[in-house]
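*Asks:* Okay, here's the structure, questions in a sec.
The values are calculated or read from the model by the stated rules, or taken from the named source; none is laboratory data. On a predicted model such as this, the values are computed, not experimentally measured, just so you know. Using ideal geometry, Cβ is built from the backbone for each residue, glycine included, and neighbour counts are taken over all protein chains shown.
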Amino acid sequence: MPTPTQTTWLQIVDDLWDLWNFPNCTGAIDGKHVKFQAPPKFSITNTVFSVVLLALVDARYKFTVVDIESYARNSNGGIFAHSKLGKYLETHLGILACRNIMLSPSCYCG
C-alpha cells in the first residue's frame with residue numbers, strides 16, 4: 001500500500017466535503033478486533049488471541065492507511081494513540097497545513 005502524498009490527502013479532503021459534507025476531514029477510521037487461535041508452541045491457558053486492525057478510508061471507502069499490530073487487551077483509544085497509524089497522522093499533520101486543514105476527533109467517523 002503506497003504512502004499517501006500531499007496531493008492524495010488534499011483530494012481525500014475535497015472528496016469528503018463534496019460527497020459527504022464533512023469539512024476539513026481526512027478520512028474515517030475504525031478498529032476491528034480479530035480473534036485467532038494461539039499457535040501450538042504457546043503453553044498458556046488462554047488459547048485465543050486477538051489483534052486490532054485499524055484502518056483509515058477515504059470518501060469512496062478505499063483504504064488509505066492500515067495498521068495491524070496491537071493486542072486487543074487495550075482500549076480502542078489507547079490502541080489508536082500508540083499505533084503506527086496514530087503516530088503517522090500526528091506527525092504528518094504538516095502536509096495539510098497549506099490548506100489550514102487539521103485532524104480532529106470530530107473527523108473520526110468510526
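*Asks:* Check Thr45, Thr64 and return the single one that is in contact with a Pro (Cβ under 9 Å, 6 or more places away or on another chain) and either within 16 Å of Trp9 (Cβ to Cβ) or at pLDDT below 70 (or both).
*Replies:* Thr64
*Asks:* Consider Leu96 against the criteria (1) within 25 Å of Trp20 (Cα to Cα); (2) more than 12 Å from the chain's Cα centre (by Cα); (3) at pLDDT 70 or above: it satisfies all of them except one. Which criterion is unmet?
*Replies:* Result: Leu96 fails condition (3) only.
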